[in-house]
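> First, the structure itself, so that you have it in front of you.
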Amino acid sequence: MTAAAGAQLHEALASVPRPRLRRTESGLLALVSVAVLLGFATLRSQQALADGHEALTLGDPAVPLVYLGFTWAVHLLFVLAARRSDQVLLPAVALLGGMGLLLATRLPSGLVVQSFGPLELGLGELQLLWLCLGLAVMGWLAVAVRSDNWLRLYKYSWAGAGIVLLLAVFVFGREVNGARLTLCIGPVCGQPSELLKVLLVVFLAGYLSENRALLATQRTRLGPLSLPPLPYLLPMLAMWAIALAIVIVQRDLGAALLFYSVFLALLFVATARWSYVALGVLLFVAGSVVLYTLFPHVRTRIDVWLDPFASPLGAGYQTVRALMAFGRGGILGTGLGAGLPAAGGTTAIPAVHTDFAFTALAEETGYLGALAIVGTYLVLVERGLRIAARSGDDFRALLATGLTLTLGIQTAIIIAGNARLIPLTGITAPYISYGGSSILASAVALGLLMAFSEREASR
Amino acid sequence: MDGFLIALWILRLAFLAAVFLFLYGVLRALVRDLRRAEREQRSELGRLVVVAADGDAPAPGAVFPLDVITTIGRAASSTVVLDDQFASNEHARLTFRGRSWHLEDLGSTNGTFVQGERLDGPVALVFGDEFTVGRTRLRLERGRR
């Protein structure tokens, strides 16, 4: 009896994989932990100084410790599950999330307040909650996803779900700051366009990997341009229409720009044909001109971009304040907690916690800090593209490329917008900005990338 | 300037230093990874994976590295030998032309099917595509390193 039970136990233990150490990951996570703790120490000591105490302090250590604890827990999960997946993605995300957490803790917590029954959470606590949820989602996907068939086979269903989500926002959406993006179910509000990004990438990867050969070889000639066969142009036109609809109905320029550029990039990656890109850019220019002449909110954005100082207290206020914040930061920054993003309980830059998170961090950590943030995003992109290049089939390669480019292009759009390189469009900087939907959508993308980076052993 | 402000200033610099130390660590990991990838050059043009099979050999999950011209059939002279009663001796041929794989039926009795359609001429395949020879389902995959 006991022998049988012992044999059973032995068998059960044998089916559990042996833990596999992930030295690169743990080493990098240790550095991230040190950085985040140093950041919090700087911030709290600076705040203590403002209150008149001269003491080096970590303040209430709960926030960074809970965050770092969660990060290490995900690392431990990977070790126990004996994954051979990428070891750089988790630390990079942890650093970006830590930067975001530093910012969210440092801004006045009344900026966002959400109450769950008697429990009332401010900006910092909410961001911590979302980041931990995001880490959990990422860890779960990275360990649980073994096959991509459930994504590949139901690509039209995923696209359909995305469109339904979009229509639901059109109809039931709540208007915030002139943009109709938010959908509320009970007390929880979210921005479905964040999730829509991931769904559309899944659809595009499925569609393009299936029709790649056709799109790349056949052609119809139209003047100097050689185009793909007309029926295969339809999804392209549909994407263009969706992007336009998002701008017109939701007034969300950033999301529209993001969808469209990711689509064009994927089309090029799948077919290696410049003519598609040329056509796409032509359509983009035409659409932009039409939008500029028809819609005043688009015109305002462009005018502010060209000359924010024309109305420094009116339309250009946000941009002017952001530029001054960059200037105040200099090379080493004012120091965490010593900048002006929230002097005296009000924010110097409107929407600093979402749209201008990068600016605020650049002010307090300076040019060097900003450089490090951009570098970390670049690392994420490099890892994603490497995973794509290594993957065994076209669907996976395109999906990994799409998820990576979504993240990268979104970051590029918002950082360039913050620095007035391109007109400002209100989207979030992944993992750094406040926003539950944004963090969760990025976590889904990163989790899938990690799952696909698994080396072949388990196949 | 008093000691506390200096300490605070050092703390700030230490934070930046830690962040850049992290980036340096990442960079080293990336370079190591690229070096390894360079060493392990791809040696195969592609591979065939058996998804489902009727006969005893090959079993589902079996993997065949592909030659530039790969023949599939029951004959022992085929590159990929299928023990499948519904496959012809010389059933189908995979050829690598330029940058892509092409599949062609060699006048088999029961035909070769891609996405449920019987082939009547050469067709281009992409990695990840599945096709059926007799009762054996095969998938074309990128070669491993």
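Please treat every number below as a calculation from the coordinates, not as lab data. Note that this is a predicted model, so its numbers are computed, not measured. Glycine gets a Cβ as well: all are built from the backbone with ideal geometry, and neighbour counts include every protein chain shown.
> Calculate the spin-label point distance for residue A:157 paired with residue A:237, positioning each point 7 Å from the Cα along the beta-carbon direction, and give it in nanometres.
Between residue A:237 and residue A:157, the simple spin-label model gives 2.9 nm.
> Going by Cα centres, the stretch A:248-284 and the stretch B:13-92 are how many Å apart?
Centre-to-centre (Cα) distance: 32 Å.
> Would you please classify the overall shape of the stretch A:260-417 from the alpha carbon gyration tensor, given that a ≥ b ≥ c denote the square roots of the eigenvalues, rounded means a/c under 1.5, and beyond that prolate means a/b larger than b/c while oblate covers the rest?
Oblate.
> Net charge within 13 Å of residue A:153 by Cβ-Cβ distance, Lys/Arg positive one each and Asp/Glu negative one each, not counting residue A:153 itself?
Residues close to residue A:153 contribute a combined charge of -1.
> With the contact rule set at Cα under 8 Å and sequence spacing of 6 or more, what percent relative contact order holds for chain B?
Relative CO of chain B lands at 22 percent.
> State the cysteines of chain A left without a partner when partners are defined as other cysteines whose beta carbon lies under 4.7 Å away.
Those would be A:132, since no other cysteine Cβ in chain A comes under 4.7 Å of theirs.
> What list do you get for A:184, A:132, A:189 if you sort them by fewest beta carbons within 10 Å?
A:184, A:189, A:132
> Report the convex hull volume per residue for the protein assembly as shown, counting only C-alpha atoms, in Å³.
204 Å³
> For a protection proxy built on the mean count of beta-carbon atoms within 10 angstrom, sort A:87-98, A:66-77 highest first, please.
Final packing ranking: A:87-98, A:66-77.
> Rounded to whole Å, give me the distance from the Cα center of the stretch B:116-138 to that of the stretch A:296-335.
58 Å
> Using label points projected 7 Å from each Cα along Cα→Cβ, tell me how many nm separate residue A:288 and residue A:133, to one decimal.
So the label points at residue A:288 and residue A:133 sit 3.6 nm apart.
> Using a cut-off of 12 Å between beta-carbons, work out the net charge of the residues near residue A:42 (Lys and Arg +1, Asp and Glu -1, residue A:42 not included).
Net charge around residue A:42: +2.
> What is the fewest-to-most order of A:378, A:9 by other Cβ atoms lying within 10 Å of their Cβ?
Lowest count first: A:9, A:378.
> If each residue's Cβ is checked for other Cβ atoms within 10 Å, how do A:387, A:248 rank with the fewest at the top?
A:248, A:387
> Within 10 Å of each Cβ in A:383-390, how many Cβ atoms from other chains are there, averaged over the peptide?
Going residue by residue through A:383-390 and averaging, the value is 2.
> Cβ under 12 Å from residue A:113's Cβ, residue A:113 left aside: what net charge do those residues give with Lys, Arg +1 and Asp, Glu -1?
-2
> Need the C-alpha centroid separation for the stretch A:359-392 versus the stretch A:393-412, integer Å.
15 Å
> Continuing with the same structure: Across 10 Å bins from the origin, how do the percents of Cα pairs in the stretch B:62-138 run, short distances first?
20, 59, 21, 0
> Can you tell me, using C-alpha contacts under 8 Å and at least 6 residues apart, the relative contact order of chain A as a whole percent?
21 percent
> Moving to a separate point now. Quick check on packing: order B:19-32, B:113-126 by the mean number of other C-beta atoms within 10 Å, highest mean leading.
My ranking of the peptides, most packed first, is B:19-32, B:113-126.
> Let me ask you something else. Can you give me the Rg/Rh ratio for the stretch A:1-143, using Cα atoms for both radii and the Kirkwood formula for Rh?
1.14
> Need one number for chain B: average projected area of the convex hull over its C-alpha atoms, nm².
The number I arrive at for chain B is 13.8 nm².
> To continue, here is another question. Helix-derived [θ] at 222 nm for chain B: sum -39500 (n - 2.57) over DSSP H runs of at least 4, divide by residue count, nearest 500?
It comes out at -9500 deg cm²/dmol, rounded to the nearest 500.
> A further question follows. What does the helix-only formula give at 222 nm for chain A: each DSSP H stretch with n ≥ 4 adding -39500 (n - 2.57), the total divided by the residues, and the result rounded to the nearest 500 deg cm²/dmol?
Value at 222 nm, helices only, nearest 500: -22500 deg cm²/dmol.
> Taking chain B as the reference, fit the longest principal axis to its C-alpha atoms, fit the long axis of helix B:3-39 to the helix C-alpha atoms, and give the angle between the two in degrees, 0 to 90, nearest 10.
That works out to roughly 20 degrees.
> What percent do you get for the relative contact order of the stretch A:82-124 when only Cα pairs under 8 Å and 6+ apart count?
30 percent
> Among bridges DSSP assigns within the protein assembly as shown, what percent are antiparallel (round to 5)?
Just about 95 percent of them are antiparallel.
> Please work out whether the stretch A:75-178 counts as rounded, prolate or oblate from its C-alpha gyration tensor, where a ≥ b ≥ c are the square roots of the eigenvalues and a/c under 1.5 means rounded, while otherwise a/b larger than b/c means prolate and anything else oblate?
Oblate, because a/c is 1.5 or more while a/b does not exceed b/c.
> On to the next question. Hey, got the average number of other protein chain Cβ atoms within 10 angstrom for residues in A:29-37?
Partner-chain Cβ atoms within 10 Å, mean over residues of A:29-37: 4.
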